[in-house]
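Q: Before we start, here is the structure in question, set down as structure tokens.
Please treat every number below as a calculation from the coordinates, not as lab data. Only a predicted model underlies this, so the values are computations on that prediction, with no experimental measurement involved. Quick reminder, even Gly has a Cβ in these numbers, built from the backbone with ideal geometry, and neighbours come from all protein chains shown.
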Amino acid sequence: MSGTRVEAGAGPFDARVLLSNGRISAPTYATFATKKVGIRHEGFAADTDWTFEARFGKADPKAAKGLPSDDQVLPRLSSKSASTYVSLGNGRPNNFKLQLQDQEHTVVLDSNQLGRMTDIDHARIRFPKISSNDFRHLGALSETPPSFASQAGDGRASLALDIDHHHVMTGPFQASFRGVRVSAADVLFEGQGDASCRIDVDLDHKVSTLKAGSLDLSEIGLQAGDQQMEGWWAKIEAPQLTAHGFPPALVEGRIALRTRSAEPLLKILVAKGKLPGLVPELTSLNDVRGAGTFRKNETVTDVVLEPLDNVLFNVAGRYYEKGRDSRYAFVVGGSVLSLGVANDGSGLSVMPFAREGWLNERLLGFPKPVKQIHSSEP
């Protein structure tokens, strides 16, 4: 890889290779270990210990997974690392840093005759402990100057992936973050959360799917001007999100949202001078729910939330962004209390007691395809 350099990496290497009629045969093996090796590239740096082993034989009974290839004599490659430190950046003064512990990787080839037609039988990738105490430098992951400022926070995650002989990669991902403080548009948010999903990637067809995705936000606090809020929560679920291409040219799927209340929205509107200060105190929009579709390609982000039946309060509307064209229109509320919020790019408008008709009138001004919201509420 051009521009990549390797630092250090000294360690014992041992190998024995036996060939018979152009095929590898037992007891072929190769081993290597180093206490420290560094990899450097523009915007990326990693330092790790590394142990590598390649052997030719059947699966280790302790590592067997019940696969047909477990009893076959095949090339088996494995590596592991006790601790890896990674630094990611984009040329700005501070990089984002994380640590990976106890990672393991295994690849089993489908033939002992190595060549262009050799393929994998299966592979395993395990990152059981991913951690970072460096959320204050999250902006380093953005290619352009971020529109937010991350001030604090730490996170933990794990990832386990299996790849089959059809080149389909599957496995669970889990993450948690605590003590996060982020400011954007003169609004300070703080809190914690947990996320999980199942990953399904078809490497040949370049289609990635996240299944059973969930994001739980809790203990959320907000400060916008003299407006404050604490103890808020939200739950976002994505039964399935599909990405097409590497990198994704299109991401689409369905999402569902449930929040404690509409208090954050009301507080921000008061701070921006769009609502009287007494509105959040007098208006109780609790247990707000919504569900809809999400679609994003290289130029457009389009989210449509539809009203749910048989719940006290809903959130319904549309958010659309294409370049500098950013607009939204939503109604939060139910049959008794409701609030409409819209911005067509020319400025924010707020309508107390807004209903379906008000929302659909504003949605007519959105780019095609035109979306209309229909509810069973009277």
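Q: Just the Kirkwood number for segment 191-378, please: inverse of mean 1/r across all distinct Cα pairs, in Å, one decimal.
A: For segment 191-378, the Kirkwood estimate is 17.7 Å.
Q: Quick check: pseudo-label points 7 Å beyond the Cα along Cα→Cβ at THR293 and VAL168, how many nm apart are they?
A: In this crude spin-label approximation the distance works out to 2.5 nm.
Q: Assuming R0 = 25 Å, what is the FRET efficiency of ASP325 and SER142, from their Cβ-Cβ distance, to the nearest 0.05?
A: So the FRET efficiency works out to roughly 0.75.
Q: Express the relative contact order of the chain as a whole percentage, based on alpha carbon pairs under 8 Å and six or more residues apart in sequence.
A: Relative contact order here is 6 percent.
Q: Also, quick follow-up: If you wrap a convex hull around the alpha carbons of the chain, what volume per residue comes out, as a whole number of Å³?
A: 177 Å³
Q: Right, next: Can you tell me the length gained on complete extension of the stretch ALA10 to LYS62, counting 0.36 nm per residue apart and subtracting the Cα distance?
A: Gain in length upon complete extension: 15.7 nm.
Q: Hey, another quick one. If I take the Cα coordinates of segment 1-134 and project them onto the principal axes, what are the three extents in Å, biggest first?
A: The Cα atoms of segment 1-134 stretch 56, 31, 28 Å along their principal axes.
Q: Length gain on complete extension for the stretch GLU237 to ASP204, per 0.36 nm per residue less the alpha carbon to alpha carbon distance?
A: Taking 0.36 nm per residue and subtracting the Cα distance, the gain is 9.1 nm.
Q: Give me HIS166, HIS122, HIS105 sorted ascending by neighbouring Cβ count inside 10 Å, so fewest comes first.
A: The fewest-first ordering by Cβ neighbours comes to HIS166, HIS105, HIS122.
Q: Same structure again: Which peptide among 20-30, 91-101 comes first, and what is the full order, when sorted by highest mean count of other Cβ atoms within 10 Å?
A: Put in order of decreasing packing, that is 91-101, 20-30.
Q: Can you return the aspartates and glutamates within cross-link range of LYS97? Criterion is Cα-Cα under 13 Å, with same-chain partners fewer than 8 residues away left out.
A: In chain and number order, the partners are ASP47, ASP134, ASP154.
Q: For LYS206, which lysines qualify as cross-link partners when the Cα separation must be under 26 Å and same-chain residues fewer than eight apart are set aside?
A: Here the lysines satisfying the reach criterion relative to LYS206 are LYS296, LYS322.
Q: Order the peptides 362-369, 33-40 from the highest to the lowest mean number of other Cβ atoms within 10 Å of their residues.
A: Ranking the peptides 362-369, 33-40 by packing returns 33-40, 362-369.
Q: Here's something else I'd like to know. In terms of Cα to Cα distance under 26 Å, which lysines are near enough to LYS58, apart from those fewer than 8 places away along the same chain?
A: LYS58 reaches LYS80.
Q: Pop the C-beta distance of LEU188 and LYS36 into the FRET formula with R0 = 30 Å and round what comes out to the nearest 0.05.
A: 0.15
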